[in-house]
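K.L.:
Have a look at the structure that comes next, please.
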Amino acid sequence: MSDYVPGTLSAYDDWQENLIQEVSDNEVLWGLDATQLATLQSNGSTYKPLYAAIKNTETRTQQQVYAHDTYKKTYTKFLRGYVQGQLVNNALIPADDLVAMGLNPHLYIRTARPVITGYPIIGLSTEGGGFIRFRCTVPNGAGKGRQPDSDGIELFYVTESSAKTVNPVDPTPPDGTTVPEQEFLASIISRKANFNHGFGLNQVGKVLRVYGRWVNLSDASKNGPFSGIASIVIS
């Protein structure tokens, strides 16, 4: 991604000056925060004489260059925060105006992720020493690894001493998106679709039963449906 902050000093000065002018002219129309805008204007007024003092390479002093460079770092940090917080995701600012300010809206505006519709297929294998390898994929061979609209996998599990049917891969999801059985109280959240998890040597010989779903960690309403229940003997 190309940087919207110009690299040369002359272009930087023109850019920040134009930016301040645009936001000052459209403060009310774009619903901009008055306090932050006042800070931007004040910072710009401070920067202008510092830049003017170093434009002539023959007459500028080391102290002037140092004062300019030191302030520019702080000012640029503020400008980046202002751009990200007030401008690029502001729905009131037309795309053409963002471009006029040197901000390409296609580079910065994030597309909201949709609700996750697919359930995971959970594969299990033993690694020894109480460790189980989880391999979570999407159905129908549509791809390997984490579901692209998710942040990771949430798994609910239980270990049992009594012998039950062992099913290392269960592609059949339960009905609906509610917890299928109340006994599944323990949980794991992993940002990786393929990972090892240790259950402890005291769990060796027990049956692990597990099901899960792809999750959106910033918006639980977009979590996906639950998978079927997979099971394996821990060794």
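The values are calculated or read from the model by the stated rules, or taken from the named source; none is laboratory data. Bear in mind that the values here come from a model prediction, so they are computed numbers and not experimental data. Here the Cβ positions follow ideal geometry from the backbone for every residue, glycine too, while neighbour counts run over all protein chains shown.
K.L.:
From the list I93, I54, which one is more than 30 Å from Y211 (Cα to Cα) and touching a Lys or Arg at 6+ places or on another chain (Cβ under 6 Å)?
P.N.:
I54
K.L.:
Continuing with this model, one more query. Being part of a helix (DSSP H, G or I) and among the basic types (K, R) is the filter here; which residues of the stretch 53-86 pass it?
P.N.:
K72, K73, K77, R80
K.L.:
Here's a follow-up. What number of residues within the stretch 21-36 are closer than 23 Å to K72 by Cα, buried (at least 17 other Cβ atoms within 10 Å of the Cβ) and of a type in the set (A, V, I, L, M, F, W, C)?
P.N.:
Matching residues across the stretch 21-36 total 1.
K.L.:
Has the stretch 29-36 got any residue that is aliphatic (A, V, I, L, M), out of contact with any helix residue (DSSP H, G or I) (no Cβ under 6 Å at 6 or more places or on another chain) and part of a helix (DSSP H, G or I)?
P.N.:
yes
K.L.:
Pick out the one residue from Y4, Y12 that is surrounded by 16 or more Cβ atoms within 10 Å (Cβ to Cβ) and part of a loop (DSSP other than H, G, I, E, B).
P.N.:
Numbers: Y12 fails: part of a loop (DSSP other than H, G, I, E, B).
Sole residue among the options that is surrounded by 16 or more Cβ atoms within 10 Å (Cβ to Cβ) and part of a loop (DSSP other than H, G, I, E, B): Y4.
K.L.:
Which of the residues belonging to the stretch 187-235 are surrounded by fewer than 16 Cβ atoms within 10 Å (Cβ to Cβ), of a type outside the set (V, I, T) and under 17 Å from the mean Cα position of the chain (by Cα)?
P.N.:
Once the filter is applied, which keeps residues that are surrounded by fewer than 16 Cβ atoms within 10 Å (Cβ to Cβ), of a type outside the set (V, I, T) and under 17 Å from the mean Cα position of the chain (by Cα), the stretch 187-235 yields R191, K192, L217, S218, D219, A220, S221.
K.L.:
Can you list the strands (runs of 3 or more DSSP E) lying wholly within the stretch 181-235 that have 2 or more residues being out of contact with any helix residue (DSSP H, G or I) (no Cβ under 7 Å at 6 or more places or on another chain) and either at pLDDT 90 or above or closer than 15 Å to S125 by Cα (or both)?
P.N.:
So the answer is 194-198, 207-215, 230-233.
K.L.:
Taking D25, is it charged (D, E, K, R) and free of Cβ contacts under 8 Å to residues at least 24 places away in the same chain?
P.N.:
Yes; evaluated as a whole, the condition is true for this residue.
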